Structures are given as C-alpha cells and as structure tokens.
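A short write-up of the structure that comes next.
Computed from the coordinates by the stated procedures, all read-outs in this text should not be read as laboratory data. This structure is a prediction, so every number in the text was calculated from the model and none was measured. Because the Cβ atoms are built from the backbone with ideal geometry, glycine has one as well, and the counts that use them run over all protein chains shown.
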Amino acid sequence: MSAMRMPRIGLVLPGGGARASYEAGVVQALMELWPGPGSPRIDVVTGTSAGALNVVYLASRMAHLEQGARDLAALWSSLTADRVCRRQPLKLWRRFRPSRWGSDRRDAPHPGRTHALFDTDPLRELVTSEVDWPEISRAIATGHLRGAAVTATSYTDNRSVTFYQATPEVAGWDRVRRVGMPVRLEPDHIMASIALPILFPSVRINGCDYGDGSLLQLTPLAPAIHLGAERLLIIAVHGPNRALTQKSPLDAPPSWATIAGFMLDALFLDSLYIDLERLKRINESVASGVSAPGTPLRVVETLVLSPSIDPTLLVSRHRGRFPRWLRWLVRESEGGVSPGFELESYLFFDGQYCRHLVELGYSDTLARQDEIRQFLAQPNPL
C-alpha cells in the first residue's frame, strides 16, 4: 500500500469588484468547517483585482486565519463607497473629455498614471491600514504560508505579471505573455491589480505602468499551481453558465452599461472557467498516462464554490440607494433601453449589498459542507 500525505491547498480568489465580498463569506464558513488538526491547510493564496485585496488580507492573518476570515467579512460588510474611490464631478469631464485622451501623460492630474474617472486614494489608504504587511513575511518564515500572489497587467510590455511572495524554493516563471515576479508584496501591487481600465488610475511600479490583472490573465489558476498548490479551492462570483435575462427589446441595441457589464463578466470570469476546462483535460491526460514520461505535469484537483443566487438579482434590491454617480453611469438611455444590473453588481461598494453577498457566500458554503470536507480530507499518494 503506497504512503499518503495531505496535499497543499491553494485558494484562488478571482476579481469581481464589490462581488468579491462573496469570497469573504465563503472563507469565513470554510474556516469554521475546516477538518481540524492533521488536516490540510491553506498553503497558497492567489487572486486578481478585488480578489487581490482578499489575498493579502488573509495572507497577513494566516497565523489566526479563522479570526482573520471573520474580520475580512466584517470589513466588506461595513464598506462604504467613499472608502473605495472619490468622485470628483467637476473634474470628470476635464479628465475624461475626448480632447485629453491622446494628451501627454505629463499633463495628467496624477503623473505616471492614466486618466481615470475616479480617484482611488481612499482605497489605497484602506489597503495600507487594514493589511498587516509585515505579517505576510512572518507567516512565510514560520511555515503558516507557502506563498501569496496577485496578478496585474503591464501596459508597458503587454504581459500578465504575477507578483508573488513565497518560500525560497518557489522559482519565478516566464511563459508566453505571462511572468511570475518575486517581490515583497506592498500596497502598490494591490492597487495595480485592482485598477479597472478607465474607471481607476493605473499604477507605476519600477518604471512600468500596470492595470487590472484580469485584462490578460488567460490562465488564472496557473499562479497557484506555480506556487506549489496541489488542490485548488476556487471561489467564483457567478456560475459557468449563468442565464442572461433579456433586458431590452429585440430590435434595440444593448446600452453601453449592458456592454460594460458584459465586458466585466468576460474579464473576471470567462477565463476562469476556460482554464478550469483546460486543467480538467490535463488531469485526464495525466491520469490516463497519455502525458509524456518525465514531464512535470501532475493531477490538480479543483472544487469551485459559486453563488446560488446571481449577484445581479441581489443588487437590484438596492437600486433605490445607488449614489448619484452610479445612477448616472447606468441610467436608462433616451431610447428606452434598460441596462441590466451587471455593471452595478460590480461597482456598488456598499456595506448592505456586500453584507448580503457575504451572507450568501457563508450559507452557500455551509450547504456544501459534506462535499467540501471530503475534498479537503482526501490525501494524496506520495
């Protein structure tokens, strides 16, 4: 009988704007369900965009992760829009008017950053103050964490860049249009990963300009595997085949807000499910012995946790409380075409809405606890 060992668990947290609060609810429930002493633990945490904030928050609390998960859920549940971005109505047109789109970056309000509709200095303050940054290094040094990674998109050289902090044996990687770069994680890396194009300003790191990590991240599972994860817990913010409700007459074109929401869905989620399908095929090849002998390929099992209720339905309950700027962004067009709630579900950084998503994540996870326990408890052969 072959010897067995517990696998390294990787937690993958994709982007999703305000929807990332769902991830906090899932993690809170996971920590309560975790099998106990001698069971596998979370060794690797990776994420993108708003998921990157969750990554570093959890990485800085690995020594007391159950409490850290509760604190993260509380943070999302108490969130207000003014802690994320600052709207400057008098400057919106000045910043975004077409005549400035091609202007020299040196004339921008924030030198070294692209023009953006919103100022994210409040979010930077939140990230800086809420994450115990030195604790990430301590968690790695004491063995509570193997590695943490966040991904951003380089506007300078057109690559997906994963910034990771990990144990010394984790080597960087350089693949087609994606690279893994060892760093000491800092607020700049999170602000780069979360910088939604046009809405949020880009971030300059070591002479390169970065934006939201979902733009070029075609393999969102790869960073966790590079960091040594052998089994992946993946938290998505909608399912793979979400039914889209028709929001406008058949003879009317989609509103710009509907298109924007569709683009965010594509950025944050489509690549995740495509990568899952790719990984499934690799697993099947490895298990059947089709892969070439001596290759480093291995079976990586996955479990995806996703909302049982579409966040677009949840956010619709809060429409009467949308701030004026969000109503402006998604207002109905003059032609009467009603946009869906896709865009709002990403941009409505509001404690009540986020708390509903936290509670949904928590209850969804408890509903699948037997499946989750089985997934976590199954050992790997040596």
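Here the Karplus relation 6.51 cos²θ - 1.76 cosθ + 1.60, evaluated at θ = phi - 60°, turns the backbone of segment 66-73 into coupling constants of 4, 5, x, 5, 5, 5, 5, 4 Hz, with x for every Gly and Pro. In this structure the amide hydrogen of LEU305, modeled in the peptide plane, comes within under 5 Å of the amide hydrogens of ILE234, ILE235, ALA236, none closer than 5 places in sequence on its chain. Taking amide H positions as placed in the peptide plane 1.01 Å from N, state which residues far from LEU13 in sequence (5 or more) or on other chains have amide H under 5 Å from it. For LEU13, whose amide H was placed from the backbone, the distant partners under 5 Å are THR46, GLY47, THR48. In order along segment 16-27, phi translates into HN-Hα couplings of x, x, 5, 5, 5, 4, 4, 4, 4, x, 4, 5 Hz, rounded to whole numbers, per the Karplus curve 6.51 cos²θ - 1.76 cosθ + 1.60 with θ = phi - 60° and x for Gly and Pro.
Around the amide H of ARG204, modelled in the peptide plane, lie the amide H atoms of TYR210, all under 5 Å away and 5 or more residues distant in sequence or on another chain. At a Förster distance of 51 Å, what's the computed FRET efficiency of TRP328 paired with VAL304, Cβ-Cβ distance as r, to 0.05? After rounding to 0.05, the efficiency reads 0.90. For segment 120-133, 3J(HN,Hα) computed residue by residue from phi via the Karplus equation (6.51, -1.76, 1.60; θ = phi - 60°) reads 9, 4, x, 5, 4, 4, 5, 4, 5, 8, 7, 9, 8, 4 Hz, glycine and proline entered as x.
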